[in-house]
Amino acid sequence: MRLDAACAMATGKGRKECRDAVRKGLVTVDGKTVKKADMPVTAENTLCFAGEVLDLREHLYFMLHKPTDTVCTTEDLPESVLKLFPEKYRKRLFCVGRLDKDTTGLLLLTDDGAFDHRLMSPKHHAEKEYAVTLALPLSEDDIPRMESGMTLENGETTLPCRVVKNGENTCTITLSEGKYHQVKRMFAAVSNRVVGLHRTSVGGLALDPALAPGQFRELTEAEISFLL
Ligand code: URA
């Protein structure tokens, strides 16, 4: 990869800004100032941009404990989940699937399209587990209706799922698909209303309990391989 392209990838800055920085002598390769923007570099080189060592890994993978009142978007909005990440990652990352603004819990972010596809493609049926709080008690009769697949308000049908009642108004639902507002629409179809929704796992990977709302960490190699 060219030096300016590597700087752009790792800093999230534009290619031109990076080219100018190289020409101004702000970039070092293995400790030496380099002024040729087209110099080839690899992940074996150590690049410093204005004193900061750059991360030249091809792909990044994070888990975030999404707090409420944040939005899954790459648009530059104050409420975007990407605002919780350092600037150098913001232009690289996107959300693996979406959670509603008021939904909390496990959100994966990456810059790897194949990883996103593996987890989100309907063909792969990656399971997503949610802890649900309802406005009304969950009726025992509604559980088999939901579990066997149901028809939503617009005629769409859902795949079979698992519902486990945990308390009068709380349950865990495990889906193997991700239709728009699916959990809320499924409970609306049995005349109930979701008042709290928290995603606890995706593809068998649980939210790290050490992460408080708004905190994130990188996935380990083992977690990435497990999900793939
Ligand atoms: N289902 C919903 O209704 N909302 C979410 O955020 C996720 C699943």
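The values are calculated or read from the model by the stated rules, or taken from the named source; none is laboratory data. Computed from a predicted model, the values in this text were never measured in an experiment. So basically every Cβ, Gly included, is an ideal-geometry build from the backbone, and we count neighbours across all protein chains shown. The accessibility values were calculated without ligands, DNA or RNA, using every heavy atom of the protein model including side chains. Shrake-Rupley method; radii C 1.70, N 1.55, O 1.52, S 1.80 Å.
Structure notes:
- Beta carbons closer than 7 Å, at least 6 apart along the sequence or on distinct chains, pair a first residue in the stretch 114-138 that is over 27 Å from SER191 (Cβ atoms) and within 13 Å of the ligand (Cβ to nearest atom) with a second that is assigned to a loop (DSSP other than H, G, I, E, B) and open to solvent by less than 10 Å² (accessible area, probe 1.4 Å) for MET120/VAL96.
- Checking each residue in the stretch 47-78 for being assigned to a loop (DSSP other than H, G, I, E, B) and surrounded by fewer than 13 Cβ atoms within 10 Å (Cβ to Cβ) picks out ALA50, GLY51, ARG57, GLU58, HIS59, ASP69, GLU75, ASP76, LEU77, PRO78.
- Hey, ALA21 surrounded by 12 or more Cβ atoms within 10 Å (Cβ to Cβ) and either more than 28 Å from the chain's Cα centre (by Cα) or farther than 13 Å from LYS88 by Cβ (or both) or not: yes
- Of the candidates LYS184, LYS165, the single residue that is more than 24 Å from LYS101 (Cα to Cα), at pLDDT 95 or above and either within 11 Å of the ligand (Cβ to nearest atom) or not in a loop (DSSP other than H, G, I, E, B) (or both) is LYS165.
- Sole exception among (1) open to solvent by 80 Å² or more (accessible area, probe 1.4 Å); (2) under 27 Å from the mean Cα position of the chain (by Cα) for GLU147, by number: (1)
- Residue within the stretch 192-208 that is within 17 Å of ARG145 (Cβ to Cβ), touching a residue at least 24 places away in the same chain (Cβ under 8 Å) and away from the ligand (no atom under 12 Å from the Cβ) present: yes
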